[in-house]
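Reviewing the structure listed below.
The values are calculated or read from the model by the stated rules, or taken from the named source; none is laboratory data. Keep in mind that what you see is a predicted model, and the values were worked out from it rather than measured. Every residue, glycine among them, receives a Cβ derived from its backbone with ideal geometry; neighbour counts consider all protein chains shown.
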Amino acid sequence: MRNGFALLSSIVLALIALTFVGVLLYMGSQSTRVSGLKREYSSAYEACRGIADYLITLMERGSLCDSLQDPAACDRPGIISNIPIGLGAYSELGNFQMEAELKHCIPEENGTCRDAERTDGARLYHVTVRAQGPQDRAEVEFVYRVYYR
């Protein structure tokens, strides 16, 4: 009877130990997968940030309007909205398809978004940048003010 009880106890303890080891291995493999997904998302986010920096440079130079799919929109007085921005060579970064959209350009009163001759005031840009990859996507939305010089 004692030998049977000892055998049964050792089998139960071995099963508990195997279950514990299996759970640890499963958790380790899942954290590796989650870490990989986070790395991919970080890459999509970084691609969006890079395009945002590029667009800010264009805004500061006053040449963002030349990159719009409808450049003439910048010559219309008042607020312009929802115009895609052509990214040219930057429309693909690595595995990511990049898109950018000028959600709003808000000039100073009685101005346009292209007003090159103005020396006072500012214009406000509201832009969305998207990166679409094979398994993930990221979107960055920002507002940027450019002062006339």
Margin query: Quick check on this structure: which one of GLY86, GLY62, GLY78 is surrounded by fewer than 16 Cβ atoms within 10 Å (Cβ to Cβ) and farther than 30 Å from PRO134 by Cα?
Written below: GLY78
Item checked: Of all residues making up the range 100-125, the number that are touching a Leu at 6+ places or on another chain (Cβ under 9 Å), buried (at least 17 other Cβ atoms within 10 Å of the Cβ) and either modelled with pLDDT of 85 or more or aliphatic (A, V, I, L, M) (or both) -> 5
Next item on the list: Write out, first by first residue and then by second, each pair whose Cβ atoms fall under 7 Å of each other, whose residues are 6+ apart or on separate chains, and whose first residue, in the range 1-22, is among the charged types (D, E, K, R) while the second is at pLDDT 85 or above and not in a helix (DSSP H, G or I).
Entry: none
